[in-house]
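The values are calculated or read from the model by the stated rules, or taken from the named source; none is laboratory data. The shown structure was predicted, so the numbers you read here are calculated from the model rather than taken from an experiment. Positions of Cβ are generated from backbone atoms using ideal geometry, with glycine treated the same way; all protein chains shown enter the neighbour counts. Areas reflect the complete protein model, heavy atoms only, side chains present, ligands, DNA and RNA absent. Shrake-Rupley method; radii C 1.70, N 1.55, O 1.52, S 1.80 Å.
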There are 4 protein chains.
Amino acid sequence: MTQQYLLVFSCKDTYGIIAHVTGFLSENQGFIRELSEFGDPHTGKFFLRCLFEFPQGAPDLAAFFKKFLQVASRFDAEWKFLESSLKPKTLILVSKLGHCLNDLLYRQHNQSLKLDIAAVISNHNTQEKLVQFYDVPFIHLPMTSDHKAAQEEKILSFIEENQIELVILARYMQILSPSFTAKLAGKIINIHHSFLPSFKGAKPYHQAFERGVKIIGATAHYVTQDLDEGPIIEQEVIRVDHSRSPEELVSIGHDIETQVLARAVKYHAENRIFLNGNKTVIFR
Amino acid sequence: MTQQYLLVFSCKDTYGIIAHVTGFLSENQGFIRELSEFGDPHTGKFFLRCLFEFPQGAPDLAAFFKKFLQVASRFDAEWKFLESSLKPKTLILVSKLGHCLNDLLYRQHNQSLKLDIAAVISNHNTQEKLVQFYDVPFIHLPMTSDHKAAQEEKILSFIEENQIELVILARYMQILSPSFTAKLAGKIINIHHSFLPSFKGAKPYHQAFERGVKIIGATAHYVTQDLDEGPIIEQEVIRVDHSRSPEELVSIGHDIETQVLARAVKYHAENRIFLNGNKTVIFR
Amino acid sequence: MTQQYLLVFSCKDTYGIIAHVTGFLSENQGFIRELSEFGDPHTGKFFLRCLFEFPQGAPDLAAFFKKFLQVASRFDAEWKFLESSLKPKTLILVSKLGHCLNDLLYRQHNQSLKLDIAAVISNHNTQEKLVQFYDVPFIHLPMTSDHKAAQEEKILSFIEENQIELVILARYMQILSPSFTAKLAGKIINIHHSFLPSFKGAKPYHQAFERGVKIIGATAHYVTQDLDEGPIIEQEVIRVDHSRSPEELVSIGHDIETQVLARAVKYHAENRIFLNGNKTVIFR
Amino acid sequence: MTQQYLLVFSCKDTYGIIAHVTGFLSENQGFIRELSEFGDPHTGKFFLRCLFEFPQGAPDLAAFFKKFLQVASRFDAEWKFLESSLKPKTLILVSKLGHCLNDLLYRQHNQSLKLDIAAVISNHNTQEKLVQFYDVPFIHLPMTSDHKAAQEEKILSFIEENQIELVILARYMQILSPSFTAKLAGKIINIHHSFLPSFKGAKPYHQAFERGVKIIGATAHYVTQDLDEGPIIEQEVIRVDHSRSPEELVSIGHDIETQVLARAVKYHAENRIFLNGNKTVIFR
């Protein structure tokens, strides 16, 4: 199969952006497979994702990228070119519950999720065997309140040493410090087990039970300093009724948590997500 | 078609309730068409709805009901028997937006919603012609802040004089006084244009836009003194994305508002809803 | 509000199409609001829809369109430019059931659907009053088998005389002749009350009941000579269970029929649909 | 936690069934936790599922069941009492694709699915390691056309020797012989990767692609002699669009296949399903 390339590009919205970008690609024998764009009239920002290939053979890519600088600088853009097959180097953090972890590992194994999972770190060892079954390194870092800061340091060191590009909180029940999340802005995805902004904080299914909602949900979002307030990536819901106990809501909810997190990670891994203030633009 | 009857029944949960109720029905030649029950382990309350008929001919109903008193008093139950074809006498309150109103009127017209609509009252006359088209009385009560109390009095008088059993707020943009809602507890249904408890209060679609949610919703609930906090009857959601403006969310939301309100009203009209504290038990 | 314009464009997929089209727009001070494209690797066809405006004032549009001929002919494209606010001149055909018709008329009335409805033609007069309420001409053409051809002729004459651009079969229970549908290829939308290709033909809800499906659906599609085989535009489903009678399925289904047809008509009216063989490309 | 018991019961619909059944339970200090019933007016059959417990201590169960014979024989019923915690002894058949298998094994492991999995039999060894990770016996029975009958014999022997109560075809790509499926009527569940009755037979996602449907689905059903025609247990769907290749439909479909199969197996394992001709009655 022909190698495909991705351009992700954002700048202030104005005249001629698509013309210049696609003009550059066609002048250089790039054949466009997919192009998605969005100009946000509220923020004045423009976003573009373009998947392309070189049916006549790839040019000198270094020269190609360098030439593109002219287009990008014209619009003062943030951008990157990359091979579309590149897999982000990923760290998964998990506590005891394994449903999201199992799902992510299986999807990575059967190639429906393109991740390069460097390790799973957990404050418990409940999931050790499962992780090892998939030949992924498992690191057990028990969390106790008096050395929480020290543990975060160890995680950060791992991230830096291994050039981790994506951190997934797959039901990781520890609150991260503002400095930790700030360092990983836009690179750390959490699954919250409610339909945000409903039921922030602890025990959302029990909150949902108390309120008597007829539909429950799950939300994947980028983590920011403000708990459960980060940019939303994906949400899903499922219908419930009066007969469900809080424990049943928890169990039913696991299914949508796994789906929502898997989709959010897939969008991120495929470079489909742009941050737009505290919101996301997602080209699916 | 054979006349069908409904029994709705609730009491403290204990042994033998279903046995006694259904025993009474079968001893009196009642043939059960549908029976739904729920015992709530959290509140200790029991709820039952039973649809039945008399294939061998109905007995003396007054005597039948009187005999049932023994069963009901044994369990200290709240209950009522009624012909299943009875339509609740209904008042609709509406402001300018007519999508829910049009939907309710059409459903009542084509018999998919069994309501006896006594009148539509509005603080505007925008919907007057539509209401008249369906031969429903339209009462224009313009609301101005200085005589809001007087207006509520007029609405209450109408309700009492016409023995209104159900009030529907079909996008009625006036906040009702606590005394008004207290008098109509369990008999007044509102449609809120968000997935409660998210985005209470004004302009929920704009709130949803600001938060960047990926799914929007609508909620039908009984009205209580606490705005947007009453028992939830029905909810529905629809997927949206980054490209939708607040105005588009409003427009998309209209569709789920009409569906959610119609379903909630149908459940109420068919005596499918029980209040269970601040929650609802609904036998669909 | 600034006038917006649409370009819809399709051709054989190749290098540089987007570059040339958007290059032309930006050279002529067109500011792109939305651009969607799809290159189909299976058919080799390319489709583009672009919404744009002239913030600095519109140019001489006739000259603008004429200049574009060079771009279009380079790619041997099918294309049209139009004001985005243009409403297609529409004819609705209906039989007795009015749920879809009522929904379309209301949406047109409240501007959520941008149609210029020239008339409603029916083989019954059941819906006459409703149509007249919305000040739309109602034409009663009773259909009897011996002059079916004559009736189709009258409908076709109306279409030609009134330059009808879109025909909606809003639960029109007459089978149209191949010559009729051939003349209106890509311009006539039907709502079928099943999830096609399941349950083609008559009484689909009864077929669904017999098969015991757990979800029912509705499908809007362009009409072709082959009954229920035309290009699918939109589908929607709803969950049901064993307790539903065929009559209840019919009633439940009405809700999804109205939604599906309204969405399909909206996509068509907003020039979001391209035919791609016997399939549709839809830019939502 | 108190041990709970299930009664599943079906007979010809008539007067007094619920009264007699629940009368018996309450006379014997059975406290009802859940009761669901359905009388089918089309087939004249009645179905009941009742979950109950003995808060005052369980009676002599053998005597209890024996006494119930009087009630059951009065209505000539098919019935069984069982401990609600009983797990059906289960055999899973799988070919190469492991997404459903992995999901079932994980759910059994984390107790959200109550199964006693005796073995996984496969015509390939692709899933051997995964099965062994969960400490479930894996039996490799390669299928070649000339000894297909012999292989079915081996599977049947395993079923008989191990008193298998449920067989799950978790993407098992072999067609079973009529005699095999006849022996396991009502005990063998298949997942078909389409929204039946659409796209029966081979390569349903490719069929869906060709037809251009806007929603794809999956169906779990009991297996009968007629391929893809057995009683439907559960269905689920997901929205797709023109941009999806057949391969992407396959991948997207995997997610709904796993959910649908897991739900169907859960309903079966919890004795929630009754056969009603070629349809199912499911008390959820």
- Note on the structure: Of the residues in region D:144-179, those that are at pLDDT below 95 and open to solvent by less than 40 Å² (accessible area, probe 1.4 Å) come to D:GLN151, D:GLU152, D:LEU176, D:SER177
- Message: Only one of B:LYS129, B:LYS148 is more than 30 Å from B:ILE282 (Cα to Cα) and away from every other protein chain (no Cβ under 14 Å). Can you tell me which?
- Response: B:LYS148
- Taking the options A:LEU104, A:LEU93, A:LEU113, A:LEU130, name whichever one is outside any strand (DSSP E or B), touching a residue at least 40 places away in the same chain (Cβ under 8 Å) and within 20 Å of D:ASN110 (Cα to Cα). A:LEU104
- Task: Among the residues of region A:85-112, count how many are aliphatic (A, V, I, L, M) and open to solvent by 40 Å² or more (accessible area, probe 1.4 Å).
- Result: 2
- Item | Residue check, C:ALA19 away from chain A (no Cβ under 12 Å) and assigned to a helix (DSSP H, G or I) | no
- Task: Starting from region B:59-88, take each residue that is closer than 18 Å to B:PHE46 by Cβ and list its partners that are among the aliphatic types (A, V, I, L, M) and assigned to a loop (DSSP other than H, G, I, E, B), counting only C-beta distances under 9 angstrom and pairs at least six apart or across chains.
- Result: B:VAL71/B:ALA77
- Name the pairs: first residue in region B:195-217 and over 21 Å from A:PRO41 (Cα atoms) and among the basic types (Lys, Arg), second residue assigned to a strand (DSSP E or B) and modelled with pLDDT of 95 or more, Cβ to Cβ under 8 Å, at least 6 apart or on different chains? B:LYS200/B:HIS192
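If you check D:HIS242 against the conditions, is it out of contact with any helix residue (DSSP H, G or I) (no Cβ under 7 Å at 6 or more places or on another chain), over 22 Å from A:ASP255 (Cα atoms) and of a type outside the set (A, V, I, L, M, F, W, C)?
Judged against the criteria, D:HIS242 is a match.
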- Task: Kindly provide the set of residues from region C:39-93 that are in contact with a strand residue (DSSP E or B) (Cβ under 7 Å, 6 or more places away or on another chain), closer than 30 Å to C:LEU130 by Cβ and of a type in the set (A, V, I, L, M), ordered by number.
- Result: C:LEU91, C:ILE92, C:LEU93
- Among the residues of region A:229-271, write down those that are among the β-branched types (Val, Ile, Thr), in contact with a His (Cβ under 8 Å, 6 or more places away or on another chain) and open to solvent by less than 10 Å² (accessible area, probe 1.4 Å). A:ILE232, A:ILE233
- Item | Unique residue being crowded, with 20+ Cβ neighbours inside 10 Å and not in a helix (DSSP H, G or I) when the list is D:ILE121, D:ILE139 | D:ILE121
- Kindly indicate which of A:PHE199, A:PHE274, A:PHE209 is touching a His at 6+ places or on another chain (Cβ under 9 Å), within 11 Å of another protein chain (Cβ to nearest Cβ) and in a helix (DSSP H, G or I). A:PHE209
- Item | Qualifying residue in region C:219-228 (condition: in contact with a strand residue (DSSP E or B) (Cβ under 7 Å, 6 or more places away or on another chain), surrounded by 21 or more Cβ atoms within 10 Å (Cβ to Cβ), more than 10 Å from chain D (Cβ to nearest Cβ) and closer than 20 Å to B:GLN111 by Cβ) | no
- Task: Residue by residue through region A:31-46, note down the ones that are more than 8 Å from every other protein chain (Cβ to nearest Cβ), without any contact (Cβ under 8 Å) to a residue 60 or more places away in the chain and either in a strand (DSSP E or B) or surrounded by 18 or more Cβ atoms within 10 Å (Cβ to Cβ) (or both).
- Result: A:PHE46
- Can you spot a residue in region D:264-276 that is without any contact (Cβ under 8 Å) to a residue 12 or more places away in the chain and within 29 Å of D:SER10 (Cβ to Cβ)? no
- Which condition number does B:ILE139 fail, the rest of (1) farther than 25 Å from C:TYR134 by Cβ; (2) modelled with pLDDT of 95 or more being met? (1)
- Selected residue (criterion: farthest from the chain's Cα centre (by Cα)) from residues of region D:197-209 that are open to solvent by 10 Å² or more (accessible area, probe 1.4 Å) and within 21 Å of C:VAL260 (Cβ to Cβ): D:PHE209
- Message: Can you find, within region D:229-267, the residue that is farthest from the other protein chains (Cβ to nearest Cβ) among those that are assigned to a helix (DSSP H, G or I) and charged (D, E, K, R)?
- Response: D:GLU257
- Item | Which numbered condition C:ASP13 fails, given (1) under 28 Å from the mean Cα position of the chain (by Cα); (2) surrounded by fewer than 18 Cβ atoms within 10 Å (Cβ to Cβ) | (2)
- Sole residue being of a type outside the set (S, T, N, Q), away from chain D (no Cβ under 14 Å) and surrounded by fewer than 17 Cβ atoms within 10 Å (Cβ to Cβ), chosen from B:ALA58, B:ALA72, B:ALA77: B:ALA58
- Apart from one, (1) within 24 Å of the chain's Cα centre (by Cα); (2) within 14 Å of chain C (Cβ to nearest Cβ) all hold for A:LYS87; the odd one out is (2)
